[in-house]
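*Asks:* Sharing a structure here in structure tokens format.
The values are calculated or read from the model by the stated rules, or taken from the named source; none is laboratory data. Small disclaimer: the values here were computed from a predicted structure and weren't measured. Reconstructed Cβ throughout: ideal geometry from the backbone, glycine too, with neighbour counts over all protein chains shown.
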């Protein structure tokens, strides 16, 4: 009986804390939900969130806004998730996107390979070079990082 009297306030506080932290008291919980785009999730190496977004219907081929400082300092940028993976040097994110419906055509592959040449990530380069046969000609290629808002 004495143990129950001692444990009751602790259990009560734990239940109330859990209830409050997930927002059941009408608030947003301890942390408000973070609204991120699929491209932002990839840029921040949050592959779990990216996969969750894809499973909820996010298009892995659709460009979306990435906030200032996540890929480029001083500007938002609108990029596809695959472009975000290359800019952020995230070979793991690129692999996950390609395995979950991202499509890279020859024109996009050229852009991605030129973009990687500026970023120099061996994991990303290996993935992209496996899809092409010759070195990219980057002379007139407009990079996604030049499309700032």
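*Asks:* With (1) in a loop (DSSP other than H, G, I, E, B); (2) modelled with pLDDT under 90; (3) in contact with a strand residue (DSSP E or B) (Cβ under 9 Å, 6 or more places away or on another chain) as the list, and residue 68 as the residue in question, which single condition is left unmet?
*Replies:* Going through (1) in a loop (DSSP other than H, G, I, E, B); (2) modelled with pLDDT under 90; (3) in contact with a strand residue (DSSP E or B) (Cβ under 9 Å, 6 or more places away or on another chain) one by one, residue 68 breaks only (2).
*Asks:* Evaluate the stretch 23-38: report whether one residue or more is exposed (fewer than 11 other Cβ atoms within 10 Å of the Cβ) and either modelled with pLDDT of 75 or more or in contact with a strand residue (DSSP E or B) (Cβ under 6 Å, 6 or more places away or on another chain) (or both).
*Replies:* Yes - at least one qualifying residue is present in the stretch 23-38.
*Asks:* Considering only the stretch 78-105, how many residues are closer than 16 Å to residue 116 by Cβ and over 13 Å from the mean Cα position of the chain (by Cα)?
*Replies:* Step one: filter the stretch 78-105 for residues closer than 16 Å to residue 116 by Cβ, giving 79-95, 97-98, 102, 104.
Filter once more, so that each one left must be over 13 Å from the mean Cα position of the chain (by Cα): 98, 102, 104.
So the count comes out to 3.
*Asks:* Please go through the stretch 124-148 and pick out each residue that is under 15 Å from residue 91 (Cα atoms), surrounded by 13 or more Cβ atoms within 10 Å (Cβ to Cβ) and in contact (Cβ under 8 Å) with a residue 24 or more places away in the chain.
*Replies:* Step one: list which residues in the stretch 124-148 are under 15 Å from residue 91 (Cα atoms), which gives 124-131.
Among the residues that remain, those that are also surrounded by 13 or more Cβ atoms within 10 Å (Cβ to Cβ) are: 124-125, 127-129.
Once the filter is applied, which keeps residues that are under 15 Å from residue 91 (Cα atoms), surrounded by 13 or more Cβ atoms within 10 Å (Cβ to Cβ) and in contact (Cβ under 8 Å) with a residue 24 or more places away in the chain, the stretch 124-148 yields 124, 127, 128.
*Asks:* State yes or no: is residue 78 touching a strand residue (DSSP E or B) at 6+ places or on another chain (Cβ under 8 Å), touching a residue at least 40 places away in the same chain (Cβ under 8 Å), outside any loop (DSSP other than H, G, I, E, B) and surrounded by 13 or more Cβ atoms within 10 Å (Cβ to Cβ)? Full working, then the answer.
*Replies:* Values: touching a strand residue (DSSP E or B) at 6+ places or on another chain (Cβ under 8 Å): yes; touching a residue at least 40 places away in the same chain (Cβ under 8 Å): yes; outside any loop (DSSP other than H, G, I, E, B): yes; surrounded by 13 or more Cβ atoms within 10 Å (Cβ to Cβ): yes.
The answer is yes for residue 78.
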